[in-house]
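This report concerns only the one structure given below.
The values are calculated or read from the model by the stated rules, or taken from the named source; none is laboratory data. Being a predicted model, the structure only gives us computed values, none of them experimental. Note that we place each Cβ from the backbone using ideal geometry, even for glycine, and neighbour counts take in every protein chain shown.
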Amino acid sequence: MIESQPSAEVESIFDEASGHVAIGELDEAISLLRKCVELQPGFFDGWHALGMALLKNEQVTEAIGAGLMATTLKPNDLLAWTALSQMYVRNKQIAEAEDAKSKARILSLGGKVVKD
């Protein structure tokens, strides 16, 4: 799957969702973020934000799914792997958390998880 730039509609929905996250309205944010990735499945920021909002809302299994989509779209994104590691820790999947953390570490040192 290839990351795509958001359409004007998706960007507008994403901005609205971000406002809801900022004031703690997670259910509203999650609903809007789901709409973003439904309209544009290659939208990395939408998947990443959805994963983090789901994690904050204690929907950990779904958060992991969104986090995996984010790392699939941008396999060399440090924050995506760090977030996925946190999601796995919260779900007590320690081996998976360590694997995600090791990928984040490689990236923090300037390496690549996937060659361009």
Query raised in the report: Across region 70-95, which residue is nearest to the chain's Cα centre (by Cα) among those that are of a type in the set (A, V, I, L, M, F, W, C) and either surrounded by fewer than 21 Cβ atoms within 10 Å (Cβ to Cβ) or at pLDDT below 95 (or both)?
Result: LEU79
Query raised in the report: For region 68-79, what are the residues that are assigned to a helix (DSSP H, G or I), within 12 Å of LYS103 (Cβ to Cβ) and in contact with a Phe, Trp or Tyr (Cβ under 8 Å, 6 or more places away or on another chain)?
Result: THR71
Query raised in the report: Does LYS74 count as more than 22 Å from VAL114 (Cβ to Cβ) and basic (Lys, Arg)?
Result: no
Report task. Only residues that are surrounded by 11 or more Cβ atoms within 10 Å (Cβ to Cβ) and either farther than 17 Å from PRO41 by Cα or at pLDDT below 95 (or both): list them for region 16-26, please. Result -> GLU16, SER18, GLY19, HIS20, VAL21, GLU25, LEU26
